[in-house]
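J.: The structure under discussion is supplied below as structure tokens; questions concerning it will follow.
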Amino acid sequence: MLKIFIYSILFFLPFSVFAQKDTTFALTHGWTFSLNKEQKSCNATVPGSIYNDLLGNELISDPFTGNHEQALQWISDSVWYYKYTLVVEERLLLNQHIELEFEGLDTYSEVSINDSLIFVANNAFRTWKTEIKKLLRPGINEIKIKFEPVSKKAKSEVDKLKYPLPGGDRSFVRKPQFQFGWDFAPRFLGCGIWKPVKITAWNGLKVQDVYMIQNNLSEKAASFTADIEIKSDVTNDVSIVIIDKDTGKQMMSSVRKLVKGTNHCKIDFVVENPRLWWCNGMGKPEMYDFEIKVSDRYLHSEVYPVSVGIRKTEWVQEPDSLGKSFYLKLNGVPVFVKGSNVVPLHVFPAKADSSAYKRLIKTVVDCNMNMLRVWGGGIYEKDIFYELCDRNGILVWQDFMFAGTVYPGDSVFVNNVKAELKDNITRLRNHPCIALWCGNNEVSEGWHNWEWQKQYKYSLTDSLKIWNDYQDLFEKIIPQMVNRYDSARFYWPSSPSVGWGRKESLLSGDSHYWGVWWGNEPFEAYKSKIGRFMSEYGFQGLPSYKSVQTMAGTLKPEMSDEEVKNHQKHPAGFEIIYKYLQNDYSPPADFSDFIYKSQLLQAGGITTAIEAHRKARPYCMGTMYWQLNDCWPGISWSGIDFYGRRKAVQYFVKKEFKNIIITIDEVQDTLLICVVSDEAKTIQKKIKMKLMTFDGKLLWDKEIPVEVKPWSVSDVYKVSVKEIIKKSDKSSILFAAGFSDEPKSYIKTHYFVKNKELKLKPVEISANIEESKEGSVLLLKSEYLVKNISVNFKGENMEFEDNYYDMLPGETYPLHCNKKLIKSDLPEVKFNYLVNP
Ligand code: BMA
């Protein structure tokens, strides 16, 4: 016995005495950068970007203000050097493995350690990781990165191909496509270490990845396979334990044999009586947090956290008399998707911190959305984005990062893309929020409808080759990769499936309907151009005057100022807004009035679309407007501007996305009141309706009970317009309808003439303040109609729970805001509303 004991001590000694504790540390502080090797270095922020480092060192003017953009292009065309001094203690070198990992390098870069080259990186979407133990020495070590300009690198690729691609340089460069300039974004290519960098030292074994595969799901049980990828130095037995962190329950324990190298240990386990993951508005997004503990007899052990949401998703496409349905079933229940398209939160994505993501997702939840589309011209979002979507029940339509051009088909490009796909699919596949993978944004649409063949004079052979490359990438390679790494998830090759100019676009698949805006069709067209799943449609609205002041860098900005124009990236943006505006609104008095009216115009247009889409359920099962947010202080289609201020549309959307809404339509001589419900159960409601003059005279009213059936669209009331308005002046009366259990600002209003024909005049608004738990309540009242009131406090970023609604005459409207206001603040509360000259 003693012999065995001594023997085993001797056997384990070399391992146990020298076994180091695995450690991971981030290389965040201490980076420097310079323009060339000789120049003095300045402090750099990592993760970051060259533009922010230059700005942080006060070496350039703010790229976001005025028209500095042009003057700062040299930065993207220069070579930049980043450096890090790594002080290595002897202790670190005792570890068997030391790995250096860059989660993201933007883009063409050479990384060396102590002058030995370790990577030549060429894809901002990939992770770059390698062993560096052999290159390290005790004491001072230098990590150097040389970033080559995209323009130089891309040129050699462009020259290799004998025909041009519509995206020019950008088609060849695996870097966020919008950074090349987009119709809502500036052109700042830049470079940098845009995601975290870390060193991991480990010994014996290392868990590389855990893939949680949900097998079967019933009310009683959800069965899983955890596919645990472990790197091991030796052939060895390991114990693997899966623990539910919340309950402490051991879900499964198993001993597995590892061989030297990479191992996949598949462990089955069952969750009994599973709590399901639901999206916002349909239930709770229940999550399970597990810990996977792997340990061997040499005292090597690792605890790997992994979270899952238990749910079943199916994309249904069933032929019907008109075409083919296209909708998502979550846990067996059809989901009417309500959401928006999200673009990167910052042109230099490293600058968007977790609080920016938290604020955004909070707004998304508050606005009753259940899905976001991560648009293919941006980035595979950061982990925090998906974690927040998981925890808040926000489904994600995930595009791969290809947009608005065709791409090369050579093997170097394709292999680079394959590595990118593997990195990102494996990083994201455990997130329950991801509802589908989509190949690209508007690449198929562009090829079929944007006349590239003519514009670039492609020969028939070139055309065939380009289309063949397209099909290879988006219809073979990518689906194969999805199938290999995330086989349970649905893959959809391109969004939209058919371009909006073709009638088939409304019969099946998802649609981007741009007849309004790009096609100059009136907002009314939204009522008939309804597809199965509206994944894009939109209209620009200017950000608030305060935001325009900041972006222009002037106190009295005008639309014609170069500083303002530089923030409007659509070549005819202002003209299009103006044209639509003239149809409906009286001419703006000044730029500030133009801003205000542009917001109302946008809000009205998007409301028309959302109501039409929701009323068309189940034919149409999704509505996602373009776009939710901005990546810089720009003038765009967004609902929330870069500074976080909501435009009018965002307040409207919140109400239009509630599970149960009222719509009012005037069809010929009839007013139609309709109720749309996305609720799973029958709900009893009361609707109050009235017809009144702008100065408060009641002409007609009615209250009706309604039984709102699950997932329904029902006409609940109709009345002849003539019968109720009689001889009243149509330009000074309104019809209002609202649920009796909802706030007054939610009451829907209907007018009988265009906005510009309404008799709207300056009014007196009385305001009082009451304290509330979270801040204050403003009590607002006017004896005459206040149309689209916008309340502001010193122009600050103060959140009012609602804004831009109509205030009916003689009624008091309580308005909650998130700051404490006192009586003496009242003169600082400013109102804007619609007045016609
Ligand atoms: C959509 C998007 C973007 C674009 C937007 C507005 O189709 O996919 O490419 O910014 O239109 O034009």
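J.: Of the options L671, S301, G439, report the single residue whose Cα projects farthest towards the positive end of the charge dipole of the chain (beta-carbon charges: Lys, Arg +1; Asp, Glu -1).
T.: In the chain, that residue is S301.
J.: Let me ask something else. Test of understanding: what is the full-extension gain from T200 to Q70, defined as 0.36 nm times their sequence separation minus their Cα-Cα distance? Intermediate results must be reported in sequence, preceding the final value.
T.: Details: separation 130, 0.36 × 130 = 46.80 nm, distance 4.11 nm.
Result for the pair: 42.7 nm of gain on full extension.
J.: A further question on this structure: Which of S732, P743, L780 sits closest to the plus end of the dipole of region 728-816, meaning its Cα is farthest towards the positive end, when Lys and Arg get +1 and Asp and Glu get -1 on the C-beta?
T.: So the residue we want is S732.
J.: List the residues of region 181-214 whose backbone N lies under 11 Å from a point placed 7 Å from the Cα of T130 along the Cα-to-Cβ direction.
T.: Hits in region 181-214 for T130 at 11 Å: none.
J.: Using +1 on the beta carbon of Lys and Arg, -1 on that of Asp and Glu, and nothing else charged, what's the dipole of the chain about the Cα centre, debye to 20? Display every interim value, and only then the final one.
T.: Numbers: 106 positive and 103 negative charges, 170 e Å.
Its charge dipole is roughly 820 debye.
J.: With a Förster radius of 45 Å, plug the Cβ-Cβ distance of D665 and Q471 into 1/(1 + (r/R0)^6) and report the FRET value to the nearest 0.05.
T.: On the way: r = 44 Å, r/R0 = 0.97.
Once rounded, the FRET efficiency stands at 0.55.
J.: Treating the Cα atoms of region 740-837 as identical point scatterers in vacuum, please give the log10 of the normalised Debye intensity I(q)/I(0) at q = 0.25 Å⁻¹, two decimals.
T.: For region 740-837 at q = 0.25 Å⁻¹, log10 I(q)/I(0) is -1.47.
J.: Starting from 0.36 nm per residue, how many nanometres of slack lie between E318 and D825 once their C-alpha separation is accounted for? Mind showing how you got there, number by number?
T.: On the way: separation 507, 0.36 × 507 = 182.52 nm, distance 5.88 nm.
Between E318 and D825, full extension yields an extra 176.6 nm.
J.: Within region 553-639, which GluC sites (Glu not before Pro) sit in a loop by DSSP and count at most 16 neighbouring Cβ atoms inside 10 Å?
T.: E558
J.: Given R₀ = 30 Å, FRET efficiency for R91-K260 by Cβ-Cβ distance, to 0.05?
T.: 0.75
J.: Continuing with this model, one more query. Please give, to one decimal in nm, the separation of the simple spin-label points placed at E703 and L464, each 7 Å out from Cα toward the Cβ.
T.: 7.4 nm
J.: Which of the cysteines found in the chain have nothing to pair with, since no other Cys Cβ lies under 4.7 Å from theirs?
T.: Singleton cysteines: C42, C191, C265, C279, C367, C438, C620, C631, C674, C817.
J.: Determine, from the Cβ-Cβ distance of S156 and E291 and an R0 of 60 Å, the FRET efficiency 1/(1 + (r/R0)^6), rounded to the nearest 0.05.
T.: Working: r = 48 Å, r/R0 = 0.80.
It comes to 0.80.
J.: So, one more: Calculate how many DSSP beta bridges within the chain are antiparallel, expressed in % of all such bridges and rounded to the nearest 5. Before the final figure, lay out the partial values.
T.: Values: 152 of 179 bridges.
Looking only at bridges with both residues in the chain, the antiparallel portion is about 85 percent.
J.: Moving on to the next point. Based on the alpha-carbon gyration tensor of the chain, what equivalent-ellipsoid semi-axes (square roots of 5 times the eigenvalues) come out, in whole Å, largest first? Kindly include the intermediate steps, with their values, before the conclusion.
T.: Working: eigenvalues 516, 207, 150 Å².
Equivalent ellipsoid of the chain: 51, 32, 27 Å, largest first.
J.: Just to confirm the number: angle between the C-alpha axis of helix 354-366 and the first principal axis of the chain, 0 to 90 degrees, nearest 10?
T.: Approximately 40 degrees, to the nearest ten.
J.: Another one. Take the alpha-carbon centre of region 410-478, take the same for region 213-275, and report the distance between them in whole Å.
T.: Taking the Cα centre of each part, region 410-478 and region 213-275 sit 35 Å apart.
J.: What are the GluC sites (Glu not before Pro) within region 186-276 that DSSP puts in a loop, where the Cβ has at most 16 other Cβ atoms within 10 Å?
T.: On the way: sites: E219, E229, E272; in loops: E219.
Those that pass, being in a loop and sparsely packed, are E219.
J.: Divide by every residue of the chain the summed helix terms, -39500 (n - 2.57) for each DSSP H run of at least 4, and state the resulting mean residue ellipticity at 222 nm, rounded to the nearest 500 deg cm²/dmol.
T.: Values: 18 runs with 177 residues, N = 837.
Roughly -6000 deg cm²/dmol at 222 nm, from the helical runs in the chain.
J.: Taking only the C-alpha atoms, wrap a convex hull around region 638-755 and report its volume per residue in Å³ as a whole number. Before the final figure, lay out the partial values.
T.: Working: hull volume 15.7 nm³, N = 118.
Cα-based convex hull of region 638-755, divided per residue, equals 133 Å³.
Computed from the coordinates by the stated procedures, all read-outs in this text should not be read as laboratory data. Quick caveat: nothing in here was measured; it's all calculated off a predicted structure. Reconstructed Cβ throughout: ideal geometry from the backbone, glycine too, with neighbour counts over all protein chains shown.
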